[in-house]
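The structure appears below as structure tokens.
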Amino acid sequence: MVGNPTTWKNNTHPQWWRDPGLRRNVFWIAVLYFGFFTWGYSTALLNCLQPLPQFNEYFHNPSGGRLGIIYASQSLPTVILAPAIPWSNDFLGRKRTISIGSLIVISGTILGTLSRTTGMLIASRVVVGLALPFMSVACVCLVNELAHPRLRGICATINSSMYFGGVIVVSWLTFGTLHWDQSISASENNISVYSGNQWAWRLPILLQALGPTILLCFTSPSLLPGPLLSLLHNSKGTRTRVRPRSAFAVPESPRWLVAHGYIHEAHSVLAQAHANGDMQDELVLGELGEIQDCLVKEREEAVGKGMWEGWKDLWRTEGLRRRMLVVTIIGAGSQLKGTSAIASYITPILNLVGFVNPDKIAIINACLTTCDFISAIAGALCVNSVGRRPLWIISTAGLLVCFAVMTALAAVFAQSASMPAAYAFIVVLFILRVFNGMGWSPLTHNYPAEILPYSIRARALSYFTFLETSVLAFNLWLHPVAFQHLGWRYFLVFVAVLSALLVAIWFLFIETRGRTIEQVSLLFDLSPTEQRRRNQILSSPDLEDGGDMKNRDDSEKR
């Protein structure tokens, strides 16, 4: 590793909200949050539209296989196109990928809003599904690669939590439109299909474009021709580009810029984002040196040189295999641990304990999504004080206990129809969502991005997205069948999965706070003894706690 970031002097105020450069940095990160906001909104959209009588009447009450096709049409493109996600992120850049993806999602949203047939609705979801993973993975990469080291932990974990921000918006929006007066069938009265209360379901689809529109406003300069993107050569022959004219435009990842030879612009972005424009700032120079050294090392060790051969790099060393094992555990575990079943099929689960009223189910579901968001934000704010690894352990252990208790309560209700057991089941269901929000929600997408080196980050996150989406697609078919045949006994499967996950997390997951993203990714290349020695070296006050880095002991510098 190049040095200890806690000893590097930095031209920023200890409190980020009192520093103009860090306020701008946080603003850029907040804009990028709309990538995951859109992911959550789009994922929950159809589930929230299904109770609407206007939607069901217009599309002739889709159910069974036809409903399954509509539901799966958005996920299938991700399974097919996942290998192209890293190419887009690494070749076109994070910003261009976000801009192009946003344009495609907006196009699919317009098509869905104007849908006249089931085929148009399916086509719109396919178009959205084509671009959504490209846009979301690019946002994850750019958040981690652009955030100030002192703020990266909280900023990145809040990014994952914004998934539930999208879910909350669409859940409460459709809960409101559920009570709009249902209009008489347009086909029977020769009324325009775009009039009246048909907007009860068209409006939620239209608002799917909110996040991509905001992203496009602050990243679209990367698509413009002319001087803004002119490639120049300075007197030393170093490749440079004209910087964005607007201070509010989100910059490109400095790691992507260094990887493509734009050293001067990468230096400028780091200075602007992390040191109020001071090009000679010690932290900026240290980060730039680490990025260059890590990229040189990764290129020397690279195995694959082409688009497809490069996937071999994910497994080329013992350290990379350890990383990919962790990525696999998180990707599969996020969909196998049981919370996705509750989120997608809350109705049959509540039916197990006697709740069948649609209004009660709708309000419980909306309250659960709100609980998800609040607990995820709370968990994100604890990543620096508590640490990533403790949050993983606490969250998984809490889920394990909650599923065990829910299994017992559901069994009691099945035998005696005890309403106290049913109400206790609902209480534990909320506690379960709190434990999920404490660790899994904010860390599921942030932790893999932290532990991966730049050269394979986009590819590994694409593999993660492919794995997560594939398991989710399988579960969407499995869960209703399992609940129908096994009932409350199906919860025992989640108890077994969570037990295995807890053991894996205890032995394989490491702490990552207090380090630059390059140093985090290199931790997996160290032996346990070397990790303990490195932890002792970096045991000074946490870089991410927001302490003043200007008064560190110069003897500990690089």
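The values are calculated or read from the model by the stated rules, or taken from the named source; none is laboratory data. Every value quoted in this text rests on a predicted model; they were computed, and no experiment measured them. As a convention, Cβ positions derive from the backbone with ideal geometry for all residues, glycine included, and neighbour counts pool all protein chains shown. The protein model used for the area step is the full one, side chains on, heavy atoms only, and it has no ligands, DNA or RNA in it. Shrake-Rupley method; radii C 1.70, N 1.55, O 1.52, S 1.80 Å.
Once both labels are modelled 7 Å past Cα along the beta-carbon direction, what's the HIS260-ILE393 spacing in nm?
The two pseudo-label positions are separated by 4.3 nm.
Multiplying the sequence separation of THR370 and PHE430 by 0.36 nm and subtracting their Cα-Cα distance, what value in nm do you get?
Here the segment from THR370 to PHE430 would lengthen by 20.6 nm.
Dipole of region 1-126 (Lys/Arg Cβ +1, Asp/Glu Cβ -1, origin at the Cα centre): which of HIS13, TRP28, MET120 lies farthest to the positive side?
Comparing the listed Cα positions along the dipole, HIS13 ranks first.
Keeping every protein chain in place, order TYR447, TYR33 by accessible area at 1.4 Å, biggest value first, i.e. largest first.
Of TYR447, TYR33, the descending order of accessible area is TYR33, TYR447.
Let me make sure I get this right: for region 83-150, a, b and c are the square roots of the gyration tensor eigenvalues over alpha carbons, sorted descending. Under 1.5 in a/c it's rounded, otherwise prolate if a/b > b/c, else oblate. Which is it?
Prolate is the answer for region 83-150, as a/c is 1.5 or above and a/b outweighs b/c.
Pop out the ³J(HN,Hα) list for region 366-382 in order, Karplus 6.51 cos²θ - 1.76 cosθ + 1.60 with θ = phi - 60°, rounded to Hz; leave Gly and Pro as x.
5, 5, 5, 5, 5, 4, 4, 5, 4, 5, 5, 5, 4, x, 5, 6, 9
Which length gain, in nm to one decimal place, applies between ARG322 and ALA84 when the Cα-Cα distance is subtracted from 0.36 nm times their residue separation?
Residue separation times 0.36 nm, minus the Cα-Cα distance, leaves 83.3 nm.
Give me the distance in nm between label points sitting 7 Å out from Cα along the Cα-to-Cβ direction at VAL481 and ARG18, one decimal.
Going by the 7 Å Cα→Cβ label model, 6.1 nm.
Packing-wise, with mean Cβ within 10 Å as the measure, how do 501-508, 284-291 rank, highest first?
284-291, 501-508
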